[in-house]
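No lab work stands behind these numbers, since they all come straight from the coordinates. The structure displayed is predicted, hence computed values, not measured ones. For neighbour counting, all protein chains shown are included, and Cβ atoms are generated from backbone atoms with ideal geometry for every residue, glycine included.
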Amino acid sequence: MTVFSGINKLEFEGTFEGIGKDVVMSQMIKLLQKHFPSICDKNYELSLFLHIFQRYILENTSITHDLDPNEIRLLSAEEIVEFEDIQNEELFDPALISKVAILKLDGKNNSIISKASPLLEVKNGKCSLDIIVQQTQNLNTKWNSDVPLIFMTSLETESHTTNFLEKHYSSDEVTWKTIVQSCFPVIDKNRLLPIDLQANSNKEDLWYPCGTGNLTDTLYFSGELDNLIARGKEFLFVSNVNNLGATVDLNILSYMVSEKIDYLVEVVERTANDSNTGVLATYKNKLRLVDYDCLSNESARNCRIVNTNNIWIDLRSLKRLVESDGLNLPIRSFDAKIIHNNRELECLQFRTQLADCIGCFSSAQAMKVARSRFLPLTTCRDLFLLKSNLYDLDANGTFNLYPLKFGLLPSIKLGDEFANYETFRIGIPHIPDILELDYLDVMGNVFFGRRVILRGTVIIICDKDEVITIPDGSILENSIIRNEFQLDDMNEY
């Protein structure tokens, strides 16, 4: 493990933003050593942050600038195994259920839908956390097992996740626990120092979860990695808390064991609704996660596969990599502006992504799976689809998709008026029937009544300062609506 107790002895040649790199590092170390004990008892967080900051200072040109699109190569079909090709009754081993644990990534509030999005009702009166627990209970009942359920939370999410689970689910129903990931201080871009180091300042914008890549260190330093291994757990199935299609599949686990795979990432066919989903690709001959926006125009046109962040990890291989410093993941730096002490400050945040670990494991694999394993709930567009009659939620917590005519989900585009949960449920309190819908575009102050049916291509654009109310029982088929008079004419017809 990298230990930074002697970091003052390191030499940093050159300058950074006109300041000597050694001065930058020295200032940061002194400030953190002064304040960090009052922030958290976990001293490893000091080393983790310093390690990231050191790399940022030394490798700035390769971190903060956009990736060179010409150096990005999409994975070929031969490099991705198909789930349909790995199902083998002879290899299927139900005993493997005793060797797996489940972990949900729950470190970042969804500021788009709502800060407490896992607690919002999705279907049949159940929220995301209800559904996840239900899926785990069904798994344990089916295989007479006790697969543990772990949530990696953060200072942003720990309270509402734990409070909900403690209130609604006792440990007798399902074995669950939370581990809290590291949070890093926001950096003043001009001073290259943390803006505020007082942990009790209650200013969430000054501290942030440092990305899903922090899972590996959180597991190791919290002792949970050793705890899982001691309990006989050999594999960890990781997914986002907002992906309600991610469940344990023993076919995948059996394949990993038979092929000696130590890290596997699930990918799915791209759809029109996957606008900003990450892509697995090679960059300068190293496998990693690439943002879709970084692709060249040609690569973007040819991109057919996207990352789900459903990840299977061999725990013993993970421990070896952590202890040998084999997980130097790419750093993503983000510029932001915040108001602090009545001043606008330009800030820096650093994050790493778990999917980037695929380039660190010796036997890693990408697997194309069914779209049903990727049901993200990150925008109100996603919520619209899951709430609709396209999906049925059964007693096992499984979303079953209505048979589609051409096998494609409708493309949904909702304007800014439907961007968050509160405005969404005001404008669309009752989800329309969309079984025969191909494309929907809604913009402006539009309000849907009950029992509305949408078919084909429907575009509803309401001008500023105007209102369009779709009456109860309306049927809109291949329609472009710009005012309520058109609806009156349709009803008369």
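The chymotrypsin sites (Phe, Trp or Tyr not before Pro) found in segment 375-440 that occupy coil by DSSP, while having at most 14 further C-beta atoms within 10 Å, are F406. Against the empirical 2.2 N^0.38 Å (N residues), segment 135-257 has a Cα radius of gyration ratio of 1.28.
Each Lys or Arg adds one and each Asp or Glu subtracts one; over the other residues with Cβ under 10 Å from the Cβ of I252, this totals -1. Estimated translational diffusion coefficient (Stokes-Einstein, Kirkwood radius over Cα pairs, 20 °C, 1.002 mPa s) of segment 380-492: 148 µm² per second.
Multiplying the residue separation of K413 and E84 by 0.36 nm and subtracting their alpha-carbon distance yields 115.3 nm. Note that segment 107-153 carries a Kirkwood radius of 12.1 Å, evaluated over its alpha carbons pair by pair.
Entry note: segment 202-351 has Rg to Rh equal to 1.01, where both radii use alpha-carbon atoms and Rh is the Kirkwood radius. Test of understanding: extend the Cα→C-beta vector of E59 to 7 Å, then name every residue of segment 244-287 with backbone N under 15 Å from that spot. Once the point is set 7 Å along Cα→Cβ of E59, 283-287 turn out to lie under 15 Å by backbone N, inside segment 244-287.
Shown here for segment 452-486: trypsin sites (Lys or Arg not before Pro) in loop regions (DSSP other than H, G, I, E, B) with at most 13 other Cβ atoms within 10 Å, namely K464. When you filter the trypsin sites (Lys or Arg not before Pro) in segment 368-443 for DSSP loop state and at most 13 other Cβ atoms inside 10 Å of their Cβ, you are left with K405.
Considering all different alpha carbon pairs of segment 302-380, the Kirkwood hydrodynamic radius works out to 16.2 Å.
Applying 0.36 nm per residue to the separation of S296 and S258 and subtracting their alpha-carbon distance, the gain on full extension is 10.0 nm. Scoring 359-367, 83-91 by mean Cβ neighbours within 10 Å over their residues and listing the highest first yields 359-367, 83-91.
Comparing the chain with the 2.2 N^0.38 Å rule of thumb, its C-alpha radius of gyration ratio is 1.04 (two decimals). Extension gain, N285 to H340, is 15.6 nm, computed as 0.36 nm per intervening residue step minus the present C-alpha separation. Charges were assigned to the Cβ only: +1 to each Lys and Arg, -1 to each Asp and Glu. The resulting dipole of the chain about its Cα centre is roughly 1040 debye. Charged neighbours of R455, selected by a Cβ distance under 9 Å, balance to -4 (K, R count +1; D, E count -1). Using the structure shown, select from K126/K387; K260/K319; K104/K284; K233/K286 the pairs with a Cα to Cα distance greater than 19 angstrom. In this structure, K104/K284; K233/K286 exceed 19 Å between Cα atoms.
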